[in-house]
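Structure, as structure tokens:
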């Protein structure tokens, strides 16, 4: 997936969150609502996370060096993993702490500014909906007919799945805050405000854990998707290449795939014919799967099925 769509979604989310964070802090200063404080910190954390994703994308674009011969593509995964830590600690744990504190010491929302948090929360829901719509629109261009859960679990580019999860959590968090503030205003019981804050905390911790699991799998290293693996297998066989003895693939980044295979060459082939067979196989693979940037093929003579090692399939452990 090109980074263009992910960057567009990140910038839309960043702009929305910066504006929302400022208005939420104003509402908190006027009402001292714990739900508004939790949502304010949530928006600040999200804004920082979007900056981290932009930095990760920029650093990942650096050219390979002698120290890092396979490039820096995985830095996008590193920064996305940091996002999960920020969301868990700054957003989730703070909201849980604030909710617990306000539950033990509830405070009603009083004063002439009681309507401010309601107006700001409604406006924030509209802004977050715009950001969420942008992320969905960009994701739809890449996911095809893949379901949303599977898309988030199998996407190799981290930016859009991260923004999708953050925006969905932001919308749900605003609904929880609206519930807590609204019921507190109706009843005068500050426990509802604290309950809304606790809901926000649980939500953010859950999203952070999901993100951490997804990004850790990408950091460890994942094989090509089942679709790309099938294309690679079909492309390798042909000409003087009789079959694949074994095959391994590894994503060095969202748009860079390493392919390593041992291939069976027709017996009694000359060195020149072997070299030509390898070059042709590499060209077929790159044509079928353009992100296969690094291809290492080891030729061998086909000695029968007893030497066959099953082709590694694309297994998603996430």
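Numbers below:
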read-out	value
Filter result for residue 35 (under 20 Å from the mean Cα position of the chain (by Cα), in contact (Cβ under 8 Å) with a residue 40 or more places away in the chain and over 21 Å from residue 215 (Cβ atoms))	no
Count of residues meeting criterion [surrounded by fewer than 24 Cβ atoms within 10 Å (Cβ to Cβ) and not in a helix (DSSP H, G or I)] in region 24-58	1
Filter result for residue 126 (surrounded by fewer than 17 Cβ atoms within 10 Å (Cβ to Cβ), out of contact with any helix residue (DSSP H, G or I) (no Cβ under 9 Å at 6 or more places or on another chain) and at pLDDT 85 or above)	yes
Segments classed as helices (runs of 4 or more DSSP H), wholly inside region 66-148, with at least 1 members that are within 22 Å of residue 255 (Cα to Cα)	75-86, 116-143
Identity of the residue in region 212-229, touching a strand residue (DSSP E or B) at 6+ places or on another chain (Cβ under 9 Å) and not in a loop (DSSP other than H, G, I, E, B), that ends up surrounded by the fewest Cβ atoms within 10 Å (Cβ to Cβ)	229
Test set (1) surrounded by 15 or more Cβ atoms within 10 Å (Cβ to Cβ); (2) modelled with pLDDT under 85 - residue 111 fails condition number	(1)
Which numbered condition residue 232 misses (of (1) surrounded by fewer than 21 Cβ atoms within 10 Å (Cβ to Cβ); (2) touching a residue at least 12 places away in the same chain (Cβ under 8 Å); (3) not assigned by TED's automatic domain parsing to the domain that holds residue 126)	(1)
Qualifying residue in region 88-98 (condition: under 22 Å from the mean Cα position of the chain (by Cα), under 15 Å from residue 159 (Cβ atoms) and surrounded by 19 or more Cβ atoms within 10 Å (Cβ to Cβ))	no
Residues satisfying the stated conditions in region 59-71, i.e. surrounded by fewer than 20 Cβ atoms within 10 Å (Cβ to Cβ) and touching a helix residue (DSSP H, G or I) at 6+ places or on another chain (Cβ under 9 Å)	59, 61, 62, 71
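The values are calculated or read from the model by the stated rules, or taken from the named source; none is laboratory data. All values derive from a computational prediction rather than experimental measurement. Counting neighbours? That spans all protein chains shown, and the Cβs are built from the backbone with ideal geometry, glycine included.
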